[in-house]
Structure formats: C-alpha cells, structure tokens
Amino acid sequence: SQFAASMARIYKVRPAQLQNSVLFQGWSTAILQGLVDKLVPVVFPPNAVILEAEKLGNCLYFLCSGRCEGVHAGNKSGDGQHRVVWGSGEQLGIRSVVFAEPQY
C-alpha cells in the first residue's frame, strides 16, 4: 500500500545506525545493508506495551524516531522500580534475541 511504502521510507534504519551498535560493530556496510533491507518498520501508539518483563521476546527494535519509556518494576513488592527512556538510534529487545533470555 502507499501508506506502507511511505512508512518504510520515513522510518528506514540505515547501515550507519547499526554500526553504532555494539552488536553490529565491525560488520561490513554491505552485510548491514542486506540486513536493513529485510527490516520492517513498525509504529506503536502512545502507551503501547512493546516488551514485558520476564517474557521471552522474539524481536529486536531499533528506534528511528521518537522515544520509548521502560518501567522496571523491581521486586514483587515494587521496591526498586525505576524508569528508563530510550531515544532515536537506540535498541530494545537485544537480550531476548541474542541470549534467548527474558526481559528484566
């Protein structure tokens, strides 16, 4: 669709963005280009839950625009709760994808 094509152009991840990531440092531009060609842009509405603690994810998200807030609940009684804000150029979900471990 025309909307999907527009989204793909606007929110396209570039190889240079991946090269800044620890995960992709040292990869050639050609390999990174092949990877970004397979990525699909996703837009989440405000307050959407993208990842949940203690659940194994299956996606790695690259923030191309905007920001995302994470709330770490701490222990079961709520002690130690803290917030983290990620911005453009950062990734979410790397732990689940690389180590096959749940989010924390």
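The table for this structure:
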quantity: In the range 72-89, residue surrounded by the most Cβ atoms within 10 Å (Cβ to Cβ) [restricted to those that are at pLDDT 80 or above and assigned to a loop (DSSP other than H, G, I, E, B)]; calculated: GLY89
quantity: Qualifying residue in the range 43-58 (condition: under 19 Å from SER21 (Cα atoms) and at pLDDT 85 or above); calculated: no
quantity: Cβ-Cβ under 9 Å pairs, at least 6 apart or on other chains, the range 36-59 side under 22 Å from VAL13 (Cα atoms), far side part of a loop (DSSP other than H, G, I, E, B) and open to solvent by 90 Å² or more (accessible area, probe 1.4 Å); calculated: VAL36/ARG14
quantity: Qualifying residue in the range 21-28 (condition: modelled with pLDDT of 85 or more and closer than 25 Å to GLN2 by Cβ); calculated: no
quantity: Residue within the range 20-37 that is under 17 Å from GLY66 (Cα atoms), out of contact with any Leu (no Cβ under 6 Å at 6 or more places or on another chain), open to solvent by 80 Å² or more (accessible area, probe 1.4 Å) and polar (S, T, N, Q) present; calculated: no
quantity: Members of the range 42-71 that are open to solvent by less than 100 Å² (accessible area, probe 1.4 Å), over 20 Å from PHE99 (Cα atoms) and in a loop (DSSP other than H, G, I, E, B); calculated: VAL42, VAL43, PHE44, PRO45, ALA48, LEU63, CYS64, SER65, GLY66
quantity: Selection count, the range 12-41, where residues are in contact with a strand residue (DSSP E or B) (Cβ under 9 Å, 6 or more places away or on another chain) and assigned to a loop (DSSP other than H, G, I, E, B); calculated: 3
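The values are calculated or read from the model by the stated rules, or taken from the named source; none is laboratory data. Everything numeric here is computed off the predicted structure, so don't read it as measured data. Note that each Cβ is placed from the backbone with ideal geometry, even for glycine, and that neighbours are counted across all protein chains shown. The protein model used for the area step is the full one, side chains on, heavy atoms only, and it has no ligands, DNA or RNA in it. Shrake-Rupley method; radii C 1.70, N 1.55, O 1.52, S 1.80 Å.
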